[in-house]
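Trainee: Take a look at the following structure, please.
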Amino acid sequence: MKDLVTGIIQDALQTVIDAGQVSLDTVPAVDLERPRDAAHGDWATAVALRMTKQTGMPPRQLAELIVRSIGEHETIADVEIAGPGFINVTLSSRALGRVIAEARGLKGDFGRGKPKDCYTQIEFVSANPVGPMHVGHGRWAALGDALALVMEHAGYEIRREFLLNDEGHQMDVFAESVAERYMELLGRDFDEDMIGYKGVYIKAIAAQIVEAEGEVWADRPATERRAYFRERSYAQVLENMKAVLARFGVVFDHWFSEHTLHVPDDEGKTGIQRTVDGLREKGYIFDEDGAIWFKSTQFGDDKDRVLIKSDGVATYFAADVAYHADKYSRGFDYVINIWGADHHGYIPRMKAAVAALGYPGQLEILLGQLVTLLRGGAPVRMSKRTGEMVTFEELIDEVGVDATRYHLVRTSSDQQLVFDIEAVSDQSANNPVYYVQYAHARVCSMFRRAAGVSGDHDADVDALAASLISVDVDLTLLSADAEIALMRKLSEFNEVVERAARDRAPFRVCHYAEELAALLHQFYGKCQVLSDDENLQAARLALVDATRHGLATALHLIGVSAPASM
């Protein structure tokens, strides 16, 4: 629809130029935007204001010439000039009716954008595999996957990646903790001071090893026991992570092991060493005090950074640089990382490293704020089950996947999120996810009633809609304010998806879904759908069917189901 209106105004402008009414060296492109106030129409352009300097004519005079050249058009109900020379366009009901056919024809592809030439990786969650994920990890999971879904719908080719921080001191502490709990459970001597991770899940892992393998590891050397427990326990935690995320609807294309960056290849060099060597060849490395440094300040960082310490051990930053070198070696044009807010100070050095690697401007880092858990307005700090932190898995056990995902996405990632378990679990119109899902289910129910199968909740609603709505349905009958409002909102969906993808803001899809649901409920209150007027009934059924597809697609982009009954 936007392209159609743009073309009409562009043609009118060309007519003005061809008639010699204005003289221009170059013809400006017509850019449209939505007016802030719906009373000002569907689209607005400031093209007349942008032509003033070139033509020397007042913008309102230019706007009048353009509007006069538009004339009557079946797509446009009204054109007016506002303020200093804005041109406001109101679409006709016939034009708005096209969005109904579009939504019904495209179904799940409604609002899909044109393919973008940008192969993009989104890395998110990336929790240390040493224990259960917390609620913050759940927020990154919901946000990252919703962003991927929205960007895919906007036309980007997306790959989801999880970085496993399976190297370093925390993995050693994890292995020691499980090993000591194992010895404790067997009644053997153990060292409480060696148990760095105190959670009950450590004892549970150790108990599973006792059950599966008995005392076979009790008399082995401590180093051998810890090495075995490290791999076995890590695999167990990883399996749980994958299971919880899959249950949440998040499936990663790739799980990258940080450990692989520390393993020498056939030539005896690790990924970190190769990355440092590459930066040295480019002149971005210097040696000082026995350490190897990256010239980070050449790329805007406030100080240079150590990659290899004087004892020969690589820093965490060195591993991150090597990891990003690996990302770009896999052909990604653009990389998006979703990190916790506590990583804010880490951004400049990471962007500096990516620029030095040869990919300036191709890394974007989104910071997610923390989640505050409440229950009925009171803070929740401890799990009822374990007496420790509330895990992500416990949260979805209690609240459910749909409600959890929706509310974790609904707030912008740069804002702190207050998650009240009681409010999110509430199945009433006060709960946004329930409100939107109910709107979708309400349409499905209407089609079942119209087809006389109201008791059959498994009925194919697409098939029912096809049987009730003729191909040549007369959509010009839709002229009531509530009908026009619904069609206008449906016509905005493509732009909502594009902006949400561009601004990395999937929460906007939630807000759109709520607005669309509200307009549908208002429509029901003002317009009787099922009636004796067969033509009007068919037109209104087509409208609510299109709205059903809009709601279902919006919910899908958030990773939430669109139930046919509730």
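Trainee: For the modelled label position 7 Å from the Cα of Gln415 along Cα-to-Cβ, which residues of region 510-537 have backbone nitrogen atoms closer than 14 Å?
Mentor: What the label zone holds, given the 14 Å backbone N cut-off, is 510-512.
Trainee: If you don't mind, there's one more thing I want to ask. For a Förster distance of 56 Å, can you work out the FRET efficiency between the beta-carbons of Ser329 and Asp532, rounded to the nearest 0.05?
Mentor: For Ser329 and Asp532, the calculated efficiency is 0.25.
Trainee: Please report Asp333, Asp42, Asp277, Asp117 as a ranked list, fewest other C-beta atoms within 10 angstrom at the top and most at the bottom.
Mentor: If I rank by nearby Cβ atoms, fewest first, I get Asp117, Asp277, Asp333, Asp42.
Trainee: At what distance in angstrom do the alpha carbon centres of region 197-225 and region 283-311 lie from each other?
Mentor: 41 Å
Trainee: Using the basic label-point model (7 angstrom from Cα toward the beta carbon), what is the Phe190 to His556 distance in nanometres?
Mentor: Each label point is offset 7 Å from its Cα along the Cβ direction, giving 5.0 nm.
Trainee: Rounded to the nearest 0.05, what FRET efficiency is calculated for Arg98 and Arg381 with R0 set to 60 Å and r the Cβ-Cβ distance?
Mentor: 0.65
Trainee: Here's another thing I want to ask about it. Full-extension gain between Glu267 and Leu106, please, as 0.36 nm times their residue separation minus the C-alpha to C-alpha distance.
Mentor: 52.6 nm
Trainee: Then there's this: Reachable aspartates and glutamates from Lys526, Cα under 13 Å, same-chain residues fewer than 8 places away excluded?
Mentor: Straight-distance partners of Lys526: Asp481, Glu483.
Trainee: Next question, about the same structure. Over the chain, what relative contact order in percent results from Cα pairs under 8 Å that are six or more residues apart?
Mentor: Relative contact order of the chain: 16 percent.
Trainee: Right, another one. If you take the beta carbon distance between Val401 and Ala19 as r and set R0 to 56 Å, what does 1/(1 + (r/R0)^6) give as a FRET efficiency, to the nearest 0.05?
Mentor: According to the calculation, E is roughly 0.35.
Trainee: Let me ask something additional. Around Val401, what is the net charge, scoring Lys/Arg as +1 and Asp/Glu as -1 over all other residues with Cβ under 15 Å from its Cβ?
Mentor: Summing Lys/Arg as +1 and Asp/Glu as -1 gives -2.
Trainee: Return Trp217, Trp293 ranked ascending by Cβ neighbour count within 10 Å, so the fewest neighbours appear first.
Mentor: Trp293, Trp217
Trainee: Sticking with this structure for a sec: Hey, fewest Cβ within 10 Å first, where do His344, His457, His324 land in order?
Mentor: With the fewest neighbours first, His344, His457, His324 line up as His344, His457, His324.
Trainee: Take the cross-link list Lys203/Lys269; Lys107/Lys489; Lys242/Lys295; Lys2/Lys107; Lys282/Lys309; Lys2/Lys116 and give me the ones stretching past 27 Å between alpha-carbons.
Mentor: In this structure, Lys203/Lys269; Lys242/Lys295 lie more than 27 Å apart at Cα.
Trainee: Let me ask you something else. Helix 200-213 sits at what angle to the longest principal axis of the chain, using alpha carbons and giving 0 to 90 degrees rounded to 10?
Mentor: Helix 200-213 sits at roughly 60 degrees to that axis.
Trainee: Scan region 261-297 for GluC sites (Glu not before Pro) in coil per DSSP, keeping those whose Cβ has at most 10 other Cβ atoms within 10 Å, and list them by number.
Mentor: Those satisfying the criteria are Glu267.
Trainee: Using only alpha carbon pairs under 8 Å that are at least six residues apart, calculate the relative contact order of region 373-424 and give it in whole percent.
Mentor: Relative contact order for region 373-424 comes out at 49 percent.
Laboratory data are not the source of any read-out in this text; all were calculated from the coordinates shown. Values in this document were obtained by computation on a predicted structure and should not be read as measured data. Ideal geometry is used to build each Cβ from the backbone, glycine not excepted, and the neighbour counts take in all protein chains shown.
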